[in-house]
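Below is one structure; the comments refer to it alone.
Please treat every number below as a calculation from the coordinates, not as lab data. In this text, all values refer to a predicted model and were calculated from it rather than measured experimentally. Neighbour counts run over all protein chains shown; Cβ positions are idealised from the backbone, glycine included.
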Amino acid sequence: MALRVTFIGSGNAFADGGRSHACIHVSAPGVSLLLDCGGSSLPAIKQEIDPEAIDAIAISHLHGDHFGGIPYLVVEQHFAGRTAPLAVGGPRGLPERLRAAESALYPDFFRKTKIRFAISETVLGASETEMGGALVSALPVKHVAEAEPHGLRVRVGDKLIAYSGDATWSDELARVAKGADLFICDASFFDTDDPSHISYRTLMAQRDKLDCKRIVLTHLGAETLARIGELDLEHAVDGTGLVV
Ligand SMILES: [Zn+2]
Ligand SMILES: [Zn+2]
């Protein structure tokens, strides 16, 4: 089965280069899910797909540039007349953080409105959960502990897509990527070894430990963008589409 991957948002938290926050759409016949839905994702989604086509959202970790767009999407879909259910999955703390975001952003709407469609919330972990027609699992990675960081693995038929979320190098990251047809990896930095994000240089130094067929860089920060011509790996821009 061919999977289509669309990088709706390929930017970091600071939207360096004018890129939108993290949001990746995975689709195939009977499959439609987002990996992350950052704060600026709704306008970016509307550039690429009909939001109503999204059946599920899997969240890598609890930073605003990865989950902050969900309340906007829910409000928009309610007024758009959606009736199809929406599944949301992520770290254990996701429901509490979503309630806090909802009451900060649209307390009137979320307190008073009977939302037209069902929203289910699931904790993702090492065992696979069906989401949006795919089987999704989540493995811990090293980023900022309070954000409950996980890498995601998305299996559809015989295809496996792995996504680092935000992560610095650790053996856990190699476990996330293991066996993937496509590994989508954080590239916030080119050669700065930040405690929360892997650099491109470190990724290349560890390339032999990553058992995956193809790597595409996303979450590009200013340092990486300034040296984009030196990358020996593929990188996404907002709107990049590829087939796995
Ligand atoms: Zn981020
Ligand atoms: Zn983060």
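Any idea which residue in the range 50-63 is farthest from ligand 2 (Cβ to nearest atom), counting only those that are crowded, with 16+ Cβ neighbours inside 10 Å and more than 14 Å from residue 118 (Cα to Cα)?
The residue in question is 51.
Residue-by-condition table, conditions (1) touching a helix residue (DSSP H, G or I) at 6+ places or on another chain (Cβ under 7 Å); (2) in contact (Cβ under 8 Å) with a residue 24 or more places away in the chain; (3) among the β-branched types (Val, Ile, Thr):
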position	(1), (2), (3)
9	yes, yes, no
27	no, yes, no
43	no, no, no
71	yes, yes, no
74	no, yes, yes
95	no, yes, no
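With the requirement that a residue be in contact with a Lys or Arg (Cβ under 8 Å, 6 or more places away or on another chain), within 15 Å of residue 190 (Cβ to Cβ) and more than 16 Å from ligand 1 (Cβ to nearest atom), what does the range 216-244 give you? Walk me through it before giving the result.
Residues of the range 216-244 that are in contact with a Lys or Arg (Cβ under 8 Å, 6 or more places away or on another chain), as a first pass: 220, 234, 237-238, 241-244.
Subsequent filtering for residues that are within 15 Å of residue 190 (Cβ to Cβ) retains 220.
None; the set is empty.
Here's a check for you: in the range 22-49, which residue that is farther than 16 Å from residue 5 by Cα and in a loop (DSSP other than H, G, I, E, B) is farthest from ligand 2 (Cβ to nearest atom)?
Restricting to residues being farther than 16 Å from residue 5 by Cα and in a loop (DSSP other than H, G, I, E, B), the top hit is 40.
Just the residues that are touching a Ser or Thr at 6+ places or on another chain (Cβ under 6 Å) and surrounded by fewer than 24 Cβ atoms within 10 Å (Cβ to Cβ), please, taken from the range 137-167.
Once the filter is applied, which keeps residues that are touching a Ser or Thr at 6+ places or on another chain (Cβ under 6 Å) and surrounded by fewer than 24 Cβ atoms within 10 Å (Cβ to Cβ), the range 137-167 yields 142, 144.
Looking at 165, 157, 125, 132, which one is in contact with a His (Cβ under 6 Å, 6 or more places away or on another chain) and more than 16 Å from residue 211 (Cα to Cα)? Write out each step before concluding.
On the way: 157 fails: in contact with a His (Cβ under 6 Å, 6 or more places away or on another chain); 125 fails: in contact with a His (Cβ under 6 Å, 6 or more places away or on another chain); 132 fails: in contact with a His (Cβ under 6 Å, 6 or more places away or on another chain).
Checking each option against the conditions leaves just 165.
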